[in-house]
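See below for the structure under consideration.
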Amino acid sequence: MFGQMMEFPLLISTMLTHAERYTGEAEIVSRMVDGSLHRYTYRDAHKRTKQLANALVKLGVNQGDRIGTLAWNTHRHFEAYFGIAGIGAISHTVNPRLFPEQISYIINHASDRFLFVDETFVPTLEAIGDQLTSVEKIFVLTANENFSTKLKNWEPYESLIKNESTEFEWPQFDERSASSLCYTSGTTGNPKGVLYSHRSTLLHAYTAAMPDGLGVSNRDVVLPVVPMFHVNAWGLPYICSMMGAKIVFPGPFMDGASICQLINDEKATLSAGVPTIWSGVLNYLDEKKLSIPSLKRVVIGGSACPEAMIRTFLKKHQVDVVQGWGMTELSPLGTMNTLKANQTSLTDDEKIKLKAKQGRVLFGIDMKIIDETGDELPWDGKAFGDLLVRGPNVLSNYFQNEDPILIKDKNNQEWFATGDVATIDPDGFMHITDRSKDVIKSGGEWISSIELENTAVAHPDVLEAAVIAAYHPKWEERPLLIVVKKSGTNLQKDELLNFFDGKVAKWWMPDDVVFIDEIPHTATGKILKTKLREDFRDYKLPEK
Ligand code: AMP
């Protein structure tokens with residue numbers, strides 16, 4: 001017997017329609033490529049999105065067609081998100097920070113028919129234009145009538161939508177239809193596509209919006225620093241529309257000064273981004289002796305958030321840090337670190353320690369850790385093993401790839417192997433100790449590179465730290481600590497190593513420290529360990 005409720009498919013268009021009707025006055029503010037601020041409301045956004053939808057239909061865009069974007073977080077990118085998915089096509093957000101060869105590979109692999117591109121990325125497309133096999137026309141996200149480019153077939157976005165009607169009836173279709181496509185920024189091999197559905201996007205937005213998720217309400221002013229080209233900015237454009245929360249898009253300006261200015265000018269209450277962004281922000285606040293009183297909460301994920309960062313935010317700026325863990329393959333949020341009822345009476349220091357874990361799963365995700373034989377490991381906060389997940393927000397296959405990726409456990413249940421190594425404590429808090437490729441295997445025992453990195457960045461003179469395995473004749477691998485010092489400091493190896501005393505097990509102590517000017521990052525801001533391993537392949541550890 002079926003339930004007797006009205007059948008409304010969970011479509012992305014419903015979120016914007018809802019936002020216009022019930023919170024139409026809420027603002028969307030964008031810092032544009034030229035530095036100016038653009039300001040309008042959800043009501044205006046919906047009108048322009050409907051104009052875009054009319055234009056796309058006229059261009060002959062069909063359900064399931066892929067349309068690419070190479071764009072910063074701005075109102076035009078927001079319109080593209082909703083306009084493309086709203087008519088049943090697939091919004092394919094391309095990460096413009098990838099190498100040009102990867103960008104052309106991704107666009108061709110997805111067979112994008114049209115591209116929406118910020119002015120900033122036009123030179124990239126000019127360079128690879130000849131290699132793009134499926135693109136029919138490029139729309140440059142600009143209002144600048146004097147903008148010129150060598151691109152062959154292009155038009156300004158504003159002229160595409162200008163004469164279109166602001167009336168459009170969003171089509172109804174199966175909620176399981178594909179809505180958006182994101183490629184992993186794989187450090188090895190070609191990037192792989194993850195195809196989300198309208199249903200998975202809405203389910204993710206519902207759970208991620210909740211108090212134990214990102215905790216977004218209509219009263220929030222949300223500053224999504226995490227780029228819209230990286231897993232749909234962790235779902236924030238959808239979540240904010242669902243709640244009708246004011247959005248502040250930072251455009252291309254993600255340095256400490258620009259972010260702090262936006263927080264203070266627009267009175268942002270909630271922001272989200274990777275740790276590198278926040279270390280820039282904290283440094284700037286420190287240097288200029290500034291504060292950010294409106295900010296209540298910052299969600300940090302994408303890489304491990306160091307305990308020192310959580311402490312500075314809380315103690316110096318009264319900002320609560322909520323660490324999140326996720327993956328492109330998970331829509332993306334898997335766990336969030338919000339306290340359980342039995343933890344509210346912990347001291348500040350105990351809370352800060354706990355918050356350095358990646359947290360507990362959101363509704364809709366199940367997780368477990370297993371050993372090499374596939375047996376589940378206990379939730380004792382000590383045993384660590386490969387982290388597996390399952391649930392409606394987890395992918396079942398990569399886009400246009402036949403190879404099965406899910407693994408079956410002994411009960412015949414299918415799971416996705418995350419490639420992360422983790423512990424789970426009795427409260428269900430998961431703690432990533434490493435990517436399985438990055439863990440240091442010293443004499444058969446595992447050392448967590450993340451824990452050593454977090455310890456190093458707690459030193460006041462350390463800006464950034466990475467730990468990789470270096471060859472050791474006896475132990476096979478030993479930790480090598482690579483450090484970028486804060487400018488104007490004169491940190492020495494011995495002082496830094498002494499700092500580790502009592503903070504990590506003696507046998508975890510790095511065997512050596514190398515100071516460098518800059519640590520390489522992936523296109524999504526993670527430390528690029530493959531490059532560091534290559535650079536330090538022949539590194540000889542000092543004999544002890
Ligand atoms: P991506 O698909 O680019 O978002 O990368 C996903 C990977 O980033 C995960 O498998 C983790 O290795 C890493 N990651 C994401 N969030 C965290 C976090 N809070 N702490 C540690 N690693 C993280």
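Some notes on this structure:
- The set of residues in segment 352-385 being in contact with a Leu (Cβ under 9 Å, 6 or more places away or on another chain) and among the β-branched types (Val, Ile, Thr) consists of 352, 365, 369, 370.
- A search for C-beta distances below 6 Å between a residue of segment 129-151 that is basic (Lys, Arg) and any residue that is open to solvent by 50 Å² or more (accessible area, probe 1.4 Å), counting only pairs 6+ apart in sequence or on different chains, returns 137/153; 150/126.
- Selection within segment 186-217: residues that are surrounded by fewer than 20 Cβ atoms within 10 Å (Cβ to Cβ) and of a type in the set (D, E, K, R). The member of this set that is nearest to the chain's Cα centre (by Cα) is 212.
- If the condition is being within 12 Å of the ligand (Cβ to nearest atom) and within 17 Å of residue 282 (Cα to Cα), then segment 308-335 contributes 309, 310, 321, 322, 323.
- Residue in segment 420-437 that is open to solvent by less than 30 Å² (accessible area, probe 1.4 Å), within 16 Å of the ligand (Cβ to nearest atom) and under 20 Å from residue 536 (Cβ atoms) present: yes
- Taking segment 60-86 as the range and being closer than 15 Å to residue 181 by Cα and surrounded by fewer than 24 Cβ atoms within 10 Å (Cβ to Cβ) as the test, the residues that pass are 63, 64, 65.
- Residues that are open to solvent by 10 Å² or more (accessible area, probe 1.4 Å) and in a helix (DSSP H, G or I), drawn from segment 228-247: 234, 242, 243
- Residue count for segment 255-276 under the criterion of being under 30 Å from residue 433 (Cβ atoms) and open to solvent by 30 Å² or more (accessible area, probe 1.4 Å): the result is 1.
- Among the residues listed as 83, 60, 3, 88, the single one being at pLDDT 95 or above and more than 25 Å from the chain's Cα centre (by Cα): 60
- Taking the numbered list (1) touching a residue at least 40 places away in the same chain (Cβ under 8 Å); (2) within 15 Å of residue 260 (Cα to Cα); (3) open to solvent by less than 10 Å² (accessible area, probe 1.4 Å) in turn, residue 305 passes all entries but (2).
- Every residue from segment 472-507 that is open to solvent by 40 Å² or more (accessible area, probe 1.4 Å) and among the aromatic types (Phe, Trp, Tyr): 475, 499, 507
- Index of the failed condition, residue 200 passing every other in (1) within 16 Å of the ligand (Cβ to nearest atom); (2) part of a loop (DSSP other than H, G, I, E, B); (3) of a type outside the set (A, V, I, L, M): (2)
- Test for residue 340: is it charged (D, E, K, R), surrounded by fewer than 14 Cβ atoms within 10 Å (Cβ to Cβ) and either farther than 29 Å from residue 527 by Cα or more than 16 Å from the ligand (Cβ to nearest atom) (or both): yes
- Considering segment 289-302, the residues that are farther than 10 Å from residue 274 by Cβ and open to solvent by less than 10 Å² (accessible area, probe 1.4 Å) include one that is farthest from the ligand (Cβ to nearest atom), namely 292.
- Consider segment 368-381 and keep the residues that are at pLDDT below 95 and not acidic (Asp, Glu). The one that is nearest to residue 205 (Cα to Cα) is 374.
Yes/no per residue for (1) in contact (Cβ under 8 Å) with a residue 60 or more places away in the chain; (2) under 29 Å from residue 26 (Cβ atoms); (3) touching a Gly at 6+ places or on another chain (Cβ under 7 Å):
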position	(1), (2), (3)
250	yes, yes, no
280	no, yes, yes
292	no, yes, no
301	yes, yes, yes
319	no, yes, no
324	yes, yes, yes
336	yes, yes, yes
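- Near pairs, Cβ below 9 angstrom, 6+ apart or cross-chain, from segment 155-169 (closer than 14 Å to residue 58 by Cα) to any residue that is β-branched (Val, Ile, Thr) and not in a helix (DSSP H, G or I): 168/87
- Boolean, residue 511 is surrounded by 10 or more Cβ atoms within 10 Å (Cβ to Cβ) and over 31 Å from the mean Cα position of the chain (by Cα): yes
- Selected residue (only one of 262, 223 is under 30 Å from residue 117 (Cβ atoms), touching a Lys or Arg at 6+ places or on another chain (Cβ under 8 Å) and outside any loop (DSSP other than H, G, I, E, B)): 262
- Meets criteria (out of contact with any Pro (no Cβ under 7 Å at 6 or more places or on another chain), farther than 19 Å from residue 72 by Cβ, more than 16 Å from the ligand (Cβ to nearest atom) and in contact (Cβ under 8 Å) with a residue 24 or more places away in the chain) for residue 243: yes
- Residue in segment 475-487 that is within 16 Å of the ligand (Cβ to nearest atom) and under 24 Å from residue 352 (Cα atoms) present: no
- Within the set 442, 449, the sole residue that is surrounded by 13 or more Cβ atoms within 10 Å (Cβ to Cβ) and within 16 Å of the ligand (Cβ to nearest atom) turns out to be 449.
- Cross-chain or 6+ apart pairs with Cβ under 7 Å, segment 34-49 first and open to solvent by 30 Å² or more (accessible area, probe 1.4 Å), then part of a helix (DSSP H, G or I): 38/75; 43/20; 48/79; 48/161
- Taking each residue of segment 373-384 that is in a loop (DSSP other than H, G, I, E, B) and looking for partners that are surrounded by 15 or more Cβ atoms within 10 Å (Cβ to Cβ) and among the polar types (S, T, N, Q) with beta-carbon atoms closer than 7 Å, six or more apart or interchain, yields 381/423; 382/423; 383/423; 384/423; 384/433.
- Among (1) within 14 Å of the ligand (Cβ to nearest atom); (2) modelled with pLDDT under 95, the one test that residue 409 misses: (1)
The values are calculated or read from the model by the stated rules, or taken from the named source; none is laboratory data. As the structure is a prediction and not an experimental result, all values here were calculated from the model. Backbone-built Cβ (ideal geometry, glycine too); neighbour counts: all protein chains shown. Accessible surface areas use protein heavy atoms only, side chains included; no ligands, DNA or RNA. Shrake-Rupley method; radii C 1.70, N 1.55, O 1.52, S 1.80 Å.
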